[in-house]
Amino acid sequence: MTRASISPRWLLRLAVVAMGLLGIAWCGLVLVALPSAGAHQRVAGKIVLGDEFRTDDLDRVSADLKISDIDLVPNAGALRTLAIVAVRRAEDAIRQGRRAEIDGSLDDLAAALDRALAASPTDPFLWLARFWLTNIRNGFDAAHLPLLAASYRYGPREGWIGVRRNPLALAVFERLDAPLREAVVSEFVGLLNSGFEGMPDVFVNAGPPARHAILSALGGASETARLRLSRSLYQRGFDISVPGIVRPDTRPWSR
């Protein structure tokens, strides 16, 4: 029984726009100079971790990459960096409602992913980005699930990918086959066990079948992680039984 209702979000298009693929923390980081390929890769790393860049900085990174690292001396690392920058540029255009730029940013991302995946066909982040892009452009279809499955196949236990991938996978949990469902639930438990913030919100936003599967698998999480989840859910207004954790007494007269 819940003290507040849980409303599942089944429209993947809305879920991915709202959650973003890369937006975790916003640090207001401003780019000053990009003298080398190493600097480009550091920028990509900061983007993946959630640092924010101004739009003109991202445009300059993209242009600089195309000139210095890709057009003259193509390499997998530069192509991957360009794809990560393209993801952020597309995400920002969508989140900020810059309608005139959305289609162009998505086209740029598609082209960047084509080249990056051709050079790095086993990169789990790139497959996740392809899944995200395909659903943003075309709406969700079960035919897109192999893209998500490829991300899990090539990177099943990478937390920095999981915090972005798990909400997207849980949004379509009922459409997944049994092995992929197991991978998604296992990822949630692993992220919870590792102390990643935001997992209670991920749980709340999942549909009933996904929540049931997660609760059934929480025996694999530490007591500390389960207690943290239980308390966080209760603070959000949900009276949910987390395995092995005694729920707080909700009777006001007992306090």
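The values are calculated or read from the model by the stated rules, or taken from the named source; none is laboratory data. Quick caveat: nothing in here was measured; it's all calculated off a predicted structure. Positions of Cβ are generated from backbone atoms using ideal geometry, with glycine treated the same way; all protein chains shown enter the neighbour counts. Note: areas computed on protein heavy atoms with side chains; ligands, DNA, RNA excluded. Shrake-Rupley method; radii C 1.70, N 1.55, O 1.52, S 1.80 Å.
Using only the alpha-carbon atoms, what does segment 116-244 span along each of its principal axes? Please give whole angstrom values in decreasing order.
If we take the Cα atoms of segment 116-244, the spans are 46, 25, 24 Å.
Of all accessible surface on segment 169-238 at a 1.4 Å probe, what whole percent is carbon and sulfur?
Numbers: 1550 of 3160 Å².
Looking at segment 169-238 in its full context, I get 49 percent from C and S.
Segment 139-187: D in µm²/s via Stokes-Einstein (Kirkwood Rh, Cα pairs, 10 °C, 1.306 mPa s)?
Estimated via Stokes-Einstein, D reaches 148 µm²/s.
Taking the Cα-to-Cβ direction at residue 236 and at residue 157 and moving 7 Å from each Cα, how far apart do the two end points lie in nm?
Here the modelled spin labels are 2.6 nm apart.
What does the highest-first list of 178-188, 134-144 look like by mean Cβ count within 10 Å?
The most tightly packed comes first, giving 178-188, 134-144.
Mind checking Rg over Rh on segment 187-235, alpha carbons, Kirkwood formula for Rh?
Result: Rg/Rh = 0.91.
Given a Förster distance of 25 Å, report the FRET efficiency between residue 182 and residue 247 from their Cβ-Cβ distance, rounded to the nearest 0.05. Write down the numbers at each step before the final one.
Working: r = 27 Å, r/R0 = 1.09.
Approximately 0.35, to the nearest 0.05.
Measure of size requested: the Rg and Dmax of segment 90-173, with Cα atoms as the atom set and Å as the unit; please supply both.
In order Rg, Dmax, the Cα atoms of segment 90-173 give 12.9, 37 Å.
Percent of Cα-Cα pairs per 10 Å bin, from 0 to the last occupied bin, for segment 148-222, please list those.
21, 61, 18
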